[in-house]
Amino acid sequence: MSSPGEGSQLNHHVLDLFRRHPGNPLLTAATWPYAANTVFNPGATRLPSGETLLLVRVEDRRGISHLTAARSRDGVHDWQVDPQPTFAPWPERYPEELWGVEDARIVRLDGLGCFAMTYTAYSRAGPLVALAMTEDFKTFERHGAIMPPEDKDAAFFPRQFGGRWALIHRPVPRQAEAKANMWLSFSKDLRHWGDHTVLLEARDGAWWDAGKIGLSPQPIATDEGWLIVYHGARQTPAGTLYRVGLALLDLDDPRRVLRRGDEWVVNPQAPYEVAGEIPNVVFPCGAVLDPASGEFRLYYGAADTCVGLMTAQIGDILDWLRTQPAPAAPVGGA
């Protein structure tokens, strides 16, 4: 793995990739239709109607999270928020949800005619990856836990590879000194998983993504590969700092990493990102690509307090990724 300054030159135009929407924050607890402490970390998808749907994590005043849908015709304005929680914890049936359901990622699965929602279920055993299916975001079919704790930051690819579904996720090693990497696993039935392999490693030392990384929104298909937006959580003397980076995977073999950006592309800097429930956090969970205009919309939680939107042109993102090095093979694997 190269160190800063080796293998590629710093790209001084990286900060121009994403632009914050001037209407940020888009959604806040102050305008929520019912009492909430914070609203953040929204999963996102485009509905068959053309509307954009967000499944927003809502933390109530007990500290327990649930998910609530917000819909907009243009993905920016006039959000229609469900008047009550859309997807609430059900610990009586699913004890892994005792302390809440969090951070949904949404993918429409080709051939199944429905949306898959992976989310974090949280209980005494720790966070784990759970799955629910829906056709309308009004009724859901829960499938329970699909990965044991501790594991989170998970999303499917929308299509199969060689007759198998693929899931990116982030297990947390029990050894305190071990890094938390992004893994890739495969399944024929969305329930039994195997061929586990490290996809992207957290880097070492002073790097912005040293120690712990995780998938942000769901993988996005482009002409040049699967766009992967991920977060790096770096420990600093002032606390944990969450930034965002980019990678590109092969369209036919997602185990093959084509490019990984050396630099972060989003850094907490707006007042609503720097100060809040958890300061210095930008944490995307959802993205929508408009194929007609090439606009890439990234929906994110700001300081674990409110919902923001950043936009970029997909062509600019791919142009920048082409300047980045092909990473070395991960150490570890299955």
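The numbers here are math on the coordinates, done by the rules we state, and not lab data. Only a predicted model underlies this, so the values are computations on that prediction, with no experimental measurement involved. Virtual Cβ from ideal backbone geometry, glycine too; neighbours counted across all protein chains shown.
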How would the stretch 258-303 be classified by its alpha-carbon gyration tensor: rounded, prolate or oblate, with rounded meaning a/c under 1.5 and the a/b versus b/c comparison settling the rest?
oblate
For Leu289, what is the net charge nearby, where nearby means another residue's Cβ is under 9 Å from its Cβ and Lys, Arg count +1, Asp, Glu -1?
0
Find the relative contact order for the stretch 1-151 and round it to a whole percent, using C-alpha pairs within less than 8 Å whose residues are 6+ positions apart.
14 percent
Please report the antiparallel percentage of the DSSP beta bridges confined to the stretch 36-121, to the nearest 5.
95 percent
If you average 1/r across every pair of different Cα atoms in the stretch 23-322 and take the reciprocal, what Kirkwood value do you get, in Å?
19.1 Å
Mind checking which aspartates and glutamates have their C-alpha under 17 Å from Lys138, skipping anything on the same chain fewer than 8 residues away?
Glu51, Asp82
In nanometres, what is the gap between the two model label sites at His196 and Asp290, each 7 Å from Cα along Cα-to-Cβ?
4.1 nm
Among residues other than Tyr272 whose Cβ falls under 14 Å from its Cβ, what is the net charge (Lys/Arg +1, Asp/Glu -1)?
-2
Based on the Cβ-Cβ distance of Met133 and Thr240, what FRET efficiency does E = 1/(1 + (r/R0)^6) give at R0 = 35 Å, to the nearest 0.05?
0.60
Compute the Cα gyration tensor for the stretch 76-119, then decide on rounded, prolate or oblate, letting a ≥ b ≥ c be the square roots of its eigenvalues: rounded whenever a/c is under 1.5, prolate when a/b is larger than b/c in the other cases, and oblate in all that remain.
oblate
Per 0.36 nm of contour for each residue apart, how much would the distance between Arg255 and Arg322 grow if the chain were fully extended, relative to their Cα-Cα spacing?
22.3 nm
Computed lengthening from Ala275 to His21, 0.36 nm per intervening residue step minus Cα-Cα distance
89.6 nm
Decide, for the stretch 211-334, between rounded, prolate and oblate: order the square roots of the alpha carbon gyration tensor eigenvalues as a ≥ b ≥ c, take rounded if a/c falls under 1.5, and otherwise choose prolate if a/b is larger than b/c, else oblate.
oblate
One finds the C-alpha centres of the stretch 156-170 and the stretch 264-334 to be spaced, in Å, by 21 Å
Label Gln80 and Ala178 with points 7 Å out from Cα along Cα→Cβ: what is the distance between them in nm?
4.7 nm
Expected output is a single nm value to one decimal: the length gained when fully extending between Asp189 and Ala221, i.e. 0.36 nm times separation in residues minus the C-alpha distance. What is it?
9.3 nm
